[in-house]
Ligand code: GRG
């Protein structure tokens, strides 16, 4: 018996990303300090890494989630920009010699290669602080209540701290420092959940909270819970696909990778299972969640 076709249209998801990435870029440009503002080198580094061509997946997910809960999509742009600042901070720090030691990012020399390690560390730190400054000012920027802004700050902070992204990166570093065969699957899933899925989940939940504008109690609602389930499953599938793409680009053995743990075919099957979980979670949301559904479908099928 063949499984039911997956809901959502990947091409429409790609078009939505293409439609909303430029306004997210525009918001980033407005919110980042000018290069001429002192300390100029720090502001140049922040703008260099953030405004480089990124897909803006997390920001646009927040826009689509805001639309899915009845909000005006443009009102989610400051939130979207804040999420992309946090994501850029994580990429800058991930590229450092003490972490992944990457010379290239987003088609240009990585931040520490262009500006030196000290400035790159500070650019990441300052991007994270600026992101929370923007989130704290969501009542003025997006017209939501202080309660909603606080609930969003809470969700994002949880997602990026030691119980989320930074914790996942620590687990990853530890696993990479060990020797032997592929890591056990449960350990890999724990790394994926924290390192990648936590921020994607928080992007969707925060966008949904902004659209609802119902304060922290909105988090207990079925809609926001469904958004969380969707965001986590998309985040996990996204990371599995990233692992498969990585191994295709560089076939050397990578122990902490879905391709090593499940094999390429097994990894793609798991990504498809998670895609189904994600898209089914959105069922109760109805037609307003169309763009989010399409975006989820597109991200889970990406090939670059
Ligand atoms: C340093 C605290 C800290 C965390 C780093 C995000 C991360 C954790 C590391 C980056 C390396 C990596 C492959 C992470 C997995 C998440 C991922 C696929 C990031 C790349 O995201 P894209 O494809 O990048 O959305 P763009 O450049 O398009 O924004």
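Quick note: the coordinates plus some simple rules give every number you see, no bench work behind them. Just so you know, these numbers come straight off a predicted model, no measurement behind them. Cβ atoms come from the backbone with ideal geometry, glycine included; neighbour counts cover every protein chain shown.
Can you tell me how much longer the chain between residue 162 and residue 222 gets when fully stretched, taken as 0.36 nm per residue apart minus their C-alpha distance, in nm with one decimal?
Residue separation times 0.36 nm, minus the Cα-Cα distance, leaves 18.9 nm.
What whole-number distance in Å separates the alpha-carbon centres of region 204-267 and region 29-92?
20 Å
If each residue's Cβ is checked for other Cβ atoms within 10 Å, how do 241, 191, 92 rank with the fewest at the top?
On the way: 241 21, 191 25, 92 29.
So the ranking, lowest neighbour count to highest, is 241, 191, 92.
By count of other Cβ within 10 Å, fewest leading, how are 49, 190, 36 ordered?
On the way: 49 27, 190 17, 36 8.
So the residues, fewest neighbours to most, are 36, 190, 49.
Can you work out the FRET efficiency for the pair residue 12 and residue 55, with r the C-beta to C-beta distance and R0 = 22 Å, to the nearest 0.05?
Efficiency computed from Cβ-Cβ geometry: 0.85.
Label points 7 Å out from Cα along the Cβ direction at residue 246 and residue 174: separation in nm?
Here the modelled spin labels are 1.8 nm apart.
Going by how many other Cβ atoms sit within 10 Å of their own, how do 176, 165, 46 line up, fewest first? Numbers along the way, then the final one.
Values: 176 14, 165 23, 46 27.
So the ranking, lowest neighbour count to highest, is 176, 165, 46.
Roughly speaking, what is the stretch gain from residue 108 to residue 137, that is 0.36 nm per residue apart minus the C-alpha to C-alpha distance, in nm to one decimal?
Residue separation times 0.36 nm, minus the Cα-Cα distance, leaves 7.2 nm.
Take the alpha carbon atoms of region 16-141, find their radius of gyration, then divide it by 2.2 N^0.38 Å using N residues; give the quotient.
Dividing the Cα Rg of region 16-141 by 2.2 N^0.38 Å gives 1.05.
When the helices in the chain are scored as -39500 (n - 2.57) per DSSP H run of 4 or longer and the sum is shared across all residues, what 222 nm value do you end up with, to the nearest 500 deg cm²/dmol?
Mean residue ellipticity, 222 nm, calculated: -22500 deg cm²/dmol.
Determine the relative contact order of the chain: mean sequence separation of Cα pairs under 8 Å and six or more apart, normalised by residue count, in whole percent.
Here the relative contact order equals 25 percent.
Taking a ≥ b ≥ c as the square roots of the eigenvalues of the Cα gyration tensor of the chain, is the shape rounded (a/c under 1.5), prolate (a/b larger than b/c) or oblate?
oblate
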